[in-house]
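Following: one structure in structure tokens, then a few remarks.
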Amino acid sequence: MTPPTAQPASPSDWDPQRVSARRSISLMALGALTGLALAGYALFTARGTTTFHVPAEDVALVNQQPIARADFYTQLQATYGVDNAHATPTQRRRVLDDMIREELFVQRGKELDIAATDPDVRTAMVSAIEQMAAADAVTSEPSDGALQAYFKAHQDRYAQEGVMDVRDLVFPETADSAGAAGALAAGTPLTAALGRFQGRDTGRETGEDFYFAAKIHLGGALFGVARTVPSGGVSSTVAQPDGVHLLYMIRNTPPQPFAFEEARGQVLSDLRNDKVKRTTAQYQGFLRQRANVLIAGDLR
């Protein structure tokens, strides 16, 4: 009986002496998986990433948001009055826990869009943006030339407040007021002049007042006349709805302008404030131009 003929072994896919599509695909897949694994390891362990490594300039990361080391030191000093070198581990941990808590709440507030509904948060955000926009104006140091030019352009702001002691007298007719004016100028006592010419003291001014207060009491028209009347003088007549007024000036001390050096600090503050207003207005205009603002028809 003839023994069965042995079948030759099938060639292996991993035989380097032959070409195999299956082997090529397998090696390509293995290489891709190895590359992904290495890339993932590098992503999650490399220095400078925000997942497992806290950068040197920070003390913590909260959902990848950094808590700056400088802010931590400032908070530590404000809370306990010590620097980092002299703080205890418990103090450091409490401050850090408070800052982490704050960051968590801030992030939650962003998720809930608290700024859209809470007026205090909205006000704080507006203030922060205004301060950011005005930072250059606040920190800049103008030259003496710029300060002096501003001082000259707004000279009326920088003067010692004027003081006046005036009586506002009212008469029924112009002739009466004119007669009273002559009598007062001749030295007739105030009460006698009023009785003789049927006048009365309105009582709007009964003693010394700063110019700004006198303007409030007398009104703009009468104050404009009063500031030109010298001490001991009598004004021209001023017709008003309630009669003809006469201003008897007991004492008038006009405002005395300050020298530039006396007013330098206030000039610097005013110049910066004006610059802040202009800068903020320009920033608002920029934001308004790039925004899509729709206004209801009844308010256009």
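Values in this text are rule-based calculations from the coordinates and carry no lab data. Just so it is clear, the structure is predicted and the values come from calculations on it, not from any experiment. Backbone-built Cβ (ideal geometry, glycine too); neighbour counts: all protein chains shown.
Shape class for segment 128-188: prolate, because the ratio a/c of the largest to smallest gyration tensor axis (alpha-carbon atoms, square roots of eigenvalues) is 1.5 or more and a/b beats b/c. For Asp58, the residues whose amide H sits under 5 Å from its own are Arg69, ignoring neighbours fewer than 5 places away on the same chain, with H placed 1.01 Å from N. In the chain, Rg over Rh equals 1.42, where Rg is the alpha-carbon radius of gyration and Rh the Kirkwood radius from pairwise Cα distances. Of the peptides 119-128, 166-175, the order by per-residue mean of other Cβ atoms within 10 Å, starting with the highest, comes out as 166-175, 119-128. Annotation: amide H-H contacts under 5 Å for Ile250 (H modelled 1.01 Å from N, sequence separation of 5 or more, or interchain): Asp165, Val166, Arg167, Gly232. Each residue of segment 239-245 was assigned a 3J(HN,Hα) from its phi angle through the Karplus curve 6.51 cos²θ - 1.76 cosθ + 1.60 (θ = phi - 60°); the sequence is 6, 9, x, 8, x, 9, 9 Hz, with glycine and proline shown as x.
State whether segment 170-300 is rounded, prolate or oblate according to the following rule on the C-alpha gyration tensor (a ≥ b ≥ c being the square roots of its eigenvalues): a/c under 1.5 gives rounded; otherwise a/b larger than b/c gives prolate, and the remaining case gives oblate. It is oblate, given that a/c is not under 1.5 and a/b is not larger than b/c. Rounded to the nearest 500, the 222 nm mean residue ellipticity of the chain from helices alone is -16500 deg cm²/dmol, with -39,500 (n - 2.57) taken per DSSP H run of at least 4 residues. By the count of other C-beta atoms within 10 Å, a proxy for reagent exposure, Lys110, Lys215 are ordered fewest to most as Lys110, Lys215.
Span-like helix check, the chain: qualifying full DSSP H segments, with Cα axial length of 24 Å or more and mean Kyte-Doolittle of -1.0 or more, are 21-45.
When you work out D = kT/(6 pi eta Rh) for segment 58-112 at 4 °C and 1.567 mPa s, using the Kirkwood radius from C-alpha pairs as Rh and the Stokes-Einstein form, the result is 112 µm²/s. Considering only alpha-carbon pairs that sit under 8 angstrom and 6 or more positions apart, the relative contact order computed for the chain is 15 percent.
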